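To keep things clear, I will list the structure first and then write my remarks on it.
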Amino acid sequence: MPAETDFNLKLEAMRHSTAHIMADAVLSLFPDAKLGIGPSIENGFYYDFELPRPLSPDDLPVITARMKEIIKANQPFIYKEANRSDARKLFKNQPYKLELIDEIPDEKIGLYSHGEFVDLCRGPHIDTTGQIKAFKLTSIAGAYWKGDEKRPMLQRIYGLAFTDKKQLNEHLEMLKKAALRDHRKLGKELDLYSIYDEAGPGLVCWHPAGAAVRRTIEDFWKQEHDKRGYSVLYTPHIAKLNLWKTSGHWDFYRDNLYSPMVIDEDEYLIKPMNCLYHILIYNSHKRSYRELPLRFAELGTVYRYEPSGTLHGMSRVRGFTQDDSHIFCRYNQLEGEAVQVLELAMFMIKTFGFEKYQVKLSTRPDKYAGTDEMWESATQTLKDALEKAAIEYEVDPGEGVFYGPKIDIKFEDAMKRAWQGPTIQIDFNLPQRFNVSYIGEDGQEQPAAMIHRTVLGSMERFMACLIEHYGGAFPLWLAPVQVQILPVADRHLDYAKRIEGNLRKELLRVEVDTSSSTVNHKIRRAQMKKVPCMLIVGDKEVDAGTVSVRWRSGEQINNVLPNNLLKDIINKVNERSL
């Protein structure tokens, strides 16, 4: 859609221009500031600075006021080029800019200026500073130069920029609502998980409530995979380093892998992915074409190094459980298998309450394994699978991984934010490196095709997404505590316990509030815990053998027979009602 693309490019240019204006403002306030980079990002921009003192939130209004003066001056953005020598003279007091100049391969260095401010830049920019209508500086953070923990820590100022104040205000209102749904905040309030400093950053401990949700997801995941002919595997957490060297992971992803450990004179690596063990299991004996496709699945925990500055609650961690699967098949079975994976992915997404999603087909990057013919065939296979599954998609040129094209699906949460979800990748690399093959109908050995796929992603990130999507108010089938029984007084405890036992026999997650609080306080506590169903039992309920049901929505029904309620709850859970 050319009009939409043109609008997005102009919006990106405006946001990048706002970053330049912010850098100009900061430099005028701190003449000794050293400038890093200032790109546009989703919904706004940032710029990195080395400054003589730490910034505080009180500095943002001062910088904003100076930015408004620059905008009001309506200065034109002017592009020019300089040779390398002149560019170095221009930025002689800016070490980070000098480093960037040395990395530019072209002899001519692109520069953009407005007023007296000049920056390294290829553009594009808007015409004048006065075209910026709505921006807001939002936060200050630390950021290592070039994301390298061994380089200096700079101060990063983030900002938002939109075409008008109405859009900016709408986005700010959305951010307020999003803050209330932040999984880090709700994770603590609902006692779902913790990340302990004593254990290390990026390592999640699931508390009983969070573990109950996870177990429900995993049980559902296993049931659906059993229905579709998958074999669930369990594999170790470490393997000999040579295995990862053979696969190429050690060469391609070394920066994201942990250091090897020595055991009995051999080097071992904590596993960053599950695929190699699945290949070893496939290769444990010769396979016949009659066995294919073979679908191996595992909820396997893996470990990858992420810089500390990128860690974010459960959504970006160092240890996570991957909802993982590898399909080994004949090449003429690839399309059918991809269609089935797409159907499973869509079923899972919708069951968890995500109605909107974005699908991208990522094609061959500059560096790749396999032949051009293999890439063309595999890419066409994924296109055909998407069309057969009647799924709309966009092509994302050059964004495939080095070992094959892939389909990425992002689902939108209640705040219309996209989360990475299902991925389907065809792999040329590992089957060749590990001689993954089968005996064909002609009795000859044939190379097998291999699909990597996940339908949820990591359990940690998916949990973060669910928390924010539902604002912690999980549907009944997923809720950590599905039913909370609230006895009015201690004399009603025995009756409450009997009801609890009957519900637990049906594998429902039930708690009795045994505190001495008033029933109104108990109701409020249960509401704060976002429990879907509360059962109030007092003298009338004990005498009549009933319960008073209060749903999270506020609806209350009195004199309900426990057996009738049990049937209703079981039906809602079995149907996975939202």
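The values are calculated or read from the model by the stated rules, or taken from the named source; none is laboratory data. Note that the structure is a prediction, hence the values are computed from the model and not measured. Cβ: placed from backbone, ideal geometry, glycine included. Neighbour counts: every protein chain shown.
The table below lists the values:
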quantity: Selected residue (criterion: nearest to Lys89 (Cα to Cα)) from residues of segment 120-138 that are free of Cβ contacts under 8 Å to residues at least 40 places away in the same chain and of a type outside the set (D, E, K, R); calculated: Leu120
quantity: Given (1) within 30 Å of Ser315 (Cβ to Cβ); (2) assigned by TED's automatic domain parsing to the domain that holds Ile569; (3) surrounded by fewer than 21 Cβ atoms within 10 Å (Cβ to Cβ), number of the condition Arg498 does not satisfy; calculated: (1)
quantity: Test: residue in segment 68-89 that is on the phi > 0 side of the Ramachandran plot, out of contact with any His (no Cβ under 6 Å at 6 or more places or on another chain) and in the same structural domain as Leu29 (by TED's automatic domain parsing); calculated: yes
quantity: Boolean, Gly248 is small (Gly, Ala, Ser) and under 27 Å from the mean Cα position of the chain (by Cα); calculated: yes
quantity: Unmet requirement for Asp442, which otherwise passes all of (1) acidic (Asp, Glu); (2) surrounded by 16 or more Cβ atoms within 10 Å (Cβ to Cβ); (3) in the same structural domain as Asp408 (by TED's automatic domain parsing); calculated: (2)
quantity: Residue satisfying condition, being within 21 Å of the chain's Cα centre (by Cα), free of Cβ contacts under 8 Å to residues at least 24 places away in the same chain and under 29 Å from Ala212 (Cα atoms), within set Ala179, Ala199; calculated: Ala179
quantity: Answer from Asp442, Asp384 - the residue that is touching a helix residue (DSSP H, G or I) at 6+ places or on another chain (Cβ under 6 Å) and of a type outside the set (Lys, Arg); calculated: Asp384
quantity: Whichever residue in segment 20-74 is among the aromatic types (Phe, Trp, Tyr) and closer than 27 Å to Lys10 by Cα and, among such residues, is surrounded by the most Cβ atoms within 10 Å (Cβ to Cβ); calculated: Phe45
quantity: Selection count where residues are at pLDDT below 95 and either under 22 Å from the mean Cα position of the chain (by Cα) or surrounded by 20 or more Cβ atoms within 10 Å (Cβ to Cβ) (or both), scope segment 149-171; calculated: 1
quantity: Segment 530-541, residues that are surrounded by fewer than 19 Cβ atoms within 10 Å (Cβ to Cβ) and either in contact with a Gly (Cβ under 9 Å, 6 or more places away or on another chain) or of a type in the set (A, V, I, L, M) (or both); calculated: Lys530
